[in-house]
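Engineer: Structure provided below as structure tokens; questions to follow.
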Amino acid sequence: MIQCEGQGAVPAPGGVEDVEALLRCLCLRMPRGRQSSMQGRGRRWLPLLVRALRRLYGQRPDFDHWVSDIVLGAASVAAQRGPALLELDAARERAPGWFLAPGRLAYSAYVDRFAGTLRGVEARIGHLKALGVDYLHLLPFLRARAGENDGGFAVASFESIEPRLGTLADLERLCASLRAAGISLCSDFVLNHVADDHPWASAAKQGVPGYRERFLVFEDEATPRHYERTLRQVFPQSAPGNFSHVPELGGWVWTTFYPYQWDLNYANPAVFRDMLVALLRLANHGVEIFRLDSAPFLWKRLGTDCQNLPEVHWILRALRAAVALFAPGVLLKAEAIVTTGQLARYIGLDDDPSPQCHLAYHSSLMAASWLALTEGSGRIVERVLAATPPTSRLAGWVTYTRCHDDIGWNVLRPELSDEPDGGEARLRRAAGRLCGLEDGRRARGQPFQTGGQSGVHGTNGMLADLVALREAHSGRLDPLGLRRMLLLTGLSMTSGAVPLVYMGDELGLTNTDWSEATARPGQDGRELHRPWMSETALARRCEPGTLEHRVFEGIRHLAAVRARTASLAGDVRLRIRPSPVEALLVFERGEAFVFLGNFCGEAVALDPAWALLDAAHEWADALTGAPIAPDGVIDAWSQCWAVPRARTDGQA
Ligand code: OTU
């Protein structure tokens, strides 16, 4: 039976197979003026939502109850969605590929380090617009666990803002200001775990019925030990193990990340229901894009690595259907630090029965770009791009050089599987070079979670320090360092749908001062690349000739050329062109764009690769406007964005 205002208890004939009955109920929860549009959307998306929920919870005898509880509960939140957002919903339903335009550029920053508070972010809109940003990812700003909180990724409340950053009213106001400036706000949605001082965790510790079951708690250590046999470690040095003993629970709770981050039990439909409501409420405050943190870990099964399980993708399909139904202007972006083949599933392979996320970080491409730079060879990027399966049309990759996390090396293992040691030596050498070993470039990265049994794991550091932007002694800009920075940035600008710039990289900011980084509670090394924004650097970016100006203009120029290059729209297929020159990476986007990137420290002649360019055209470099000739060269660590130029002989 479905409880339905205005209709009493509506028998759901044949259970919720009769989606029509459920749809009638949910439309009745909408204001009258929205009922017809909801009817239309419901016909398309409600069956997909019910189907996904049935894959997750269909074996439960109370499945019908849960489906109507989840759908009607979400509908009640959607009924409160404001007029400005309803308008955005309608516009985006008319243009569902809106986020794949070539002009997209994302920027990621911590609220406090970028602007102090949510209100302070408004004063930075001019800086974002000058770079060409139309997508702002603010790292966690919801109320976080008191004390150590993994940079805000231990969420204590999904309904309130971290007090030192502002209020919900500030969030709404910021979203409106950003919308008016043509910028979409992206928020982390940390749905895999909550802080151990989140109300659910507190209730579980107090023995309140129904809350222990929201987590994965084991009375004895035998089962955790059994799981551990096939689990990996995310923080092998700073938080070894995936389970933590909690005396108040009288057992061990699943903690993939830090002991104070308790994994949620999505086998419990109450968890799905309440997390969906939390997401829709944040959407009603104006958040337009949700970064689904730690998505691969959402489902657990004994004997597996508890990542990327089929149920994870059914949870994402359910979230996507719910968002399409109740907040169609909203995007979902998967954060999955997994291998290339596994990654593509998060944005849906071509034949996906129903869509999942709109976007996903191409985390293996990011790691490959760094390996390529340290090896002076484009081969690993060729392999990753070749291993990237075609994804569903209305979805795309977020491509990036750096972010608030480490460079995670082990996602490249499949592409290195033909190495005798599985790639360990190559990854170690790459990590070593980024930490300034083996060559004089003075890269200033630091190893992350590396040592002992854990082998190579990750590398921390700001972009400027990893490419050795500055000369070792003088601190002046090294033009070759700038080329390395722009080469990696150019790769991210041409290989996906939404390129992302990490806060401070656009100004060549350097690593956080180590003494300051270690002063922060619970730092684990990633603080190295989480500096405060510098007012001096911001001022210098407007002064021609300064390092900040040259870096900013270099990145801004790449973004500007990208924005006017139709072939770089997110849904234009990428095709690798196997290069005869190891250092030279070549790939096409559509029929009228070829990226040529030289990953080594010597100039390479174009001639051997000339045959890769369609002879039907004459070609020019979109970055400089200069014609490209077969006898040309591509300088050390340089790139060329080849586009057809109007033929001088008048041919088409
Ligand atoms: C994500 O990270 C966040 O980006 C990290 O900042 C958080 O610490 C973490 O989740 C917990 O919320 O594997 O897919 O290697 O790359 O923890 C989830 C460190 C993750 C991060 C890794 C990543």
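Engineer: Name the pairs whose Cβ atoms lie under 8 Å apart, with the first residue in the range 117-134 and farther than 16 Å from residue 176 by Cβ and in contact (Cβ under 8 Å) with a residue 60 or more places away in the chain, the second among the hydroxyl-bearing types (Ser, Thr, Tyr) and buried (at least 17 other Cβ atoms within 10 Å of the Cβ), and 6 or more positions between them or separate chains?
Structural biologist: Close Cβ pairs satisfying both conditions: 131/107; 133/107.
Engineer: OK, next. Taking the residues in the range 314-342 that are charged (D, E, K, R) and within 16 Å of the ligand (Cβ to nearest atom) as candidates, determine which candidate is farthest from residue 72 (Cα to Cα).
Structural biologist: This residue is 335.
Engineer: If only one of 34, 44 is in a helix (DSSP H, G or I) and farther than 20 Å from residue 318 by Cβ, which one is it?
Structural biologist: Every option except 34 fails the conditions.
Engineer: Any residue in the range 87-100 that is within 30 Å of residue 567 (Cα to Cα), within 16 Å of the ligand (Cβ to nearest atom), in contact with a Phe, Trp or Tyr (Cβ under 9 Å, 6 or more places away or on another chain) and not acidic (Asp, Glu)?
Structural biologist: For the range 87-100, residues within 30 Å of residue 567 (Cα to Cα), within 16 Å of the ligand (Cβ to nearest atom), in contact with a Phe, Trp or Tyr (Cβ under 9 Å, 6 or more places away or on another chain) and not acidic (Asp, Glu): absent.
Engineer: While we're looking at this one, here's another question. If residue 307 satisfies every condition in (1) within 13 Å of the ligand (Cβ to nearest atom); (2) closer than 17 Å to residue 360 by Cβ; (3) out of contact with any helix residue (DSSP H, G or I) (no Cβ under 6 Å at 6 or more places or on another chain) but one, which is the exception?
Structural biologist: Every listed condition holds for residue 307 apart from (3).
Engineer: Further question: Could you check the range 293-386 for helices (runs of 4 or more DSSP H) lying wholly inside it with 1 or more residues that are at pLDDT 95 or above, buried (at least 24 other Cβ atoms within 10 Å of the Cβ) and among the small types (Gly, Ala, Ser)?
Structural biologist: Working: elements: 310-326, 340-344, 363-375, 379-386.
It comes to 310-326, 363-375.
Engineer: Right, here's the next one. Identify all residues within the range 266-284 that are in a loop (DSSP other than H, G, I, E, B) and either within 16 Å of the ligand (Cβ to nearest atom) or crowded, with 19+ Cβ neighbours inside 10 Å (or both); write none if there are none.
Structural biologist: Hit for the range 266-284 is 266, nothing else.
Engineer: Okay, next question. Inside the range 178-231, can you point out the residues that are more than 16 Å from the ligand (Cβ to nearest atom), hydrophobic (A, V, I, L, M, F, W, C) and assigned to a strand (DSSP E or B)?
Structural biologist: Residues satisfying the conditions are 185, 217, 218.
Engineer: How many residues does the range 560-618 hold that are hydroxyl-bearing (Ser, Thr, Tyr) and over 20 Å from residue 489 (Cα atoms)?
Structural biologist: Looking only at that region, the number is 1.
Engineer: If a residue counts only when it is surrounded by fewer than 22 Cβ atoms within 10 Å (Cβ to Cβ), which helices (runs of 4 or more DSSP H) contained entirely in the range 443-551 have at least 3 such residues? First the steps, then the outcome.
Structural biologist: Working: elements: 463-466, 479-494, 514-519, 535-540.
The helices (runs of 4 or more DSSP H) meeting that bar are 479-494, 514-519, 535-540.
Engineer: Let me ask you something else. For the range 542-558, enumerate the residues that are touching a residue at least 60 places away in the same chain (Cβ under 8 Å) and either charged (D, E, K, R) or over 22 Å from residue 480 (Cβ atoms) (or both).
Structural biologist: We begin by selecting, within the range 542-558, every residue touching a residue at least 60 places away in the same chain (Cβ under 8 Å); these are 547, 550-552, 554-558.
Once the filter is applied, which keeps residues that are touching a residue at least 60 places away in the same chain (Cβ under 8 Å) and either charged (D, E, K, R) or over 22 Å from residue 480 (Cβ atoms) (or both), the range 542-558 yields 550, 556.
Engineer: For the structure I just gave you, tell me whether residue 247 is free of Cβ contacts under 8 Å to residues at least 24 places away in the same chain and within 16 Å of the ligand (Cβ to nearest atom).
Structural biologist: Answer is no for this residue.
Engineer: Next up: Checking the structure you have, find out if any residue of the range 131-146 is over 17 Å from the mean Cα position of the chain (by Cα) and part of a helix (DSSP H, G or I).
Structural biologist: First, pick out the residues of the range 131-146 that are over 17 Å from the mean Cα position of the chain (by Cα): 131-132, 142-146.
Then keep just the ones that are part of a helix (DSSP H, G or I); that gives 131.
Taking every residue of the range 131-146 in turn, at least one turns out to be over 17 Å from the mean Cα position of the chain (by Cα) and part of a helix (DSSP H, G or I).
Engineer: Under 9 Å by Cβ, and 6 or more places apart or on different chains, what pairs join a residue from the range 79-103 that is surrounded by fewer than 16 Cβ atoms within 10 Å (Cβ to Cβ) with one that is of a type in the set (S, T, N, Q)?
Structural biologist: If the second residue must be of a type in the set (S, T, N, Q), the pairs left are 80/284; 82/284; 90/37; 93/37.
Engineer: Kindly list, by first and then second residue, each pair from a residue in the range 451-474 that is within 16 Å of residue 367 (Cα to Cα) to a residue that is within 16 Å of the ligand (Cβ to nearest atom) and hydroxyl-bearing (Ser, Thr, Tyr), limited to pairs with Cβ atoms under 6 Å and residues at least 6 apart or on different chains.
Structural biologist: Here the result reads 456/450; 457/450; 463/401, each pair linking the range 451-474 to a residue that is within 16 Å of the ligand (Cβ to nearest atom) and hydroxyl-bearing (Ser, Thr, Tyr).
Engineer: Do we find that residue 573 is surrounded by fewer than 14 Cβ atoms within 10 Å (Cβ to Cβ), touching a residue at least 60 places away in the same chain (Cβ under 8 Å) and not acidic (Asp, Glu) in this structure?
Structural biologist: Working: surrounded by fewer than 14 Cβ atoms within 10 Å (Cβ to Cβ): yes; touching a residue at least 60 places away in the same chain (Cβ under 8 Å): yes; not acidic (Asp, Glu): yes.
The answer is yes for residue 573.
Engineer: Of the residues 290, 257, which single one is outside any loop (DSSP other than H, G, I, E, B), within 19 Å of the chain's Cα centre (by Cα), aromatic (Phe, Trp, Tyr) and within 16 Å of the ligand (Cβ to nearest atom)? Give the derivation first.
Structural biologist: Numbers: 257 fails: outside any loop (DSSP other than H, G, I, E, B).
Going through 290, 257 in turn, the sole match is 290.
Engineer: Does residue 341 fit the bill of being touching a residue at least 24 places away in the same chain (Cβ under 8 Å), at positive phi and in contact with a Pro (Cβ under 7 Å, 6 or more places away or on another chain)?
Structural biologist: When the stated conditions are applied, residue 341 does not pass them.
The values are calculated or read from the model by the stated rules, or taken from the named source; none is laboratory data. Just so it is clear, the model here is predicted, and its values are computed rather than measured. Cβ coordinates were reconstructed from backbone atoms using ideal geometry, including for glycine residues, and neighbour counts include every protein chain displayed.
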